[in-house]
Amino acid sequence: MLITLKVSDMSCNHCKMAIINEIKEYDQTANINIDLSTKIVEIESNILTQEKATQLIKNLGYTPESV
């Protein structure tokens, strides 16, 4: 499943790594691509849902939106 979210309040590599680490903690096999210039987070996962990915990112204090 491919999940695409826009995280407008993500601004630097620290933000990027925080999101990657949070998602990897839930699904170590997830393939994550984050583009800081467009604020787009793409996650390929067999076990992660859009709702769970959104919640994980919200837990970090960011505001993810569906694309």
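The values are calculated or read from the model by the stated rules, or taken from the named source; none is laboratory data. The model shown is predicted, which means the values in this text are computed figures rather than measured ones. Note that we place each Cβ from the backbone using ideal geometry, even for glycine, and neighbour counts take in every protein chain shown.
Total residues in the range 57-67 satisfying the condition of being more than 15 Å from L2 (Cα to Cα) and charged (D, E, K, R): the figure is 1.
Scanning the range 39-56 for residues that are part of a helix (DSSP H, G or I) and either under 10 Å from I3 (Cα atoms) or modelled with pLDDT under 95 (or both) yields a count of 4.
Got at least one residue in the range 12-27 being among the aliphatic types (A, V, I, L, M) and part of a loop (DSSP other than H, G, I, E, B)? For the range 12-27, residues among the aliphatic types (A, V, I, L, M) and part of a loop (DSSP other than H, G, I, E, B): absent. For the range 14-26, the candidate set comprises residues that are of a type outside the set (D, E, K, R) and without any contact (Cβ under 8 Å) to a residue 24 or more places away in the chain; within that set, the residue that is nearest to M1 (Cα to Cα) is I20.
Only one of (1) in contact (Cβ under 8 Å) with a residue 40 or more places away in the chain; (2) aliphatic (A, V, I, L, M); (3) assigned to a helix (DSSP H, G or I) fails for I3. Which number is that? For I3, the exception is condition (3). Look at the range 27-48: where a residue is in contact (Cβ under 8 Å) with a residue 12 or more places away in the chain and a partner is among the aromatic types (F, W, Y), sitting 6+ places away or on another chain with Cβ atoms under 9 Å, you get S45/Y26; I47/Y26; L48/Y26. Residues in the range 25-67 that are within 10 Å of the chain's Cα centre (by Cα), of a type in the set (G, A, S) and either farther than 21 Å from N13 by Cβ or surrounded by fewer than 10 Cβ atoms within 10 Å (Cβ to Cβ) (or both): 0 in all.
Residues satisfying the criterion are absent from the range 3-23 (criterion: crowded, with 18+ Cβ neighbours inside 10 Å, of a type in the set (S, T, Y) and in contact with an Asp or Glu (Cβ under 7 Å, 6 or more places away or on another chain)).
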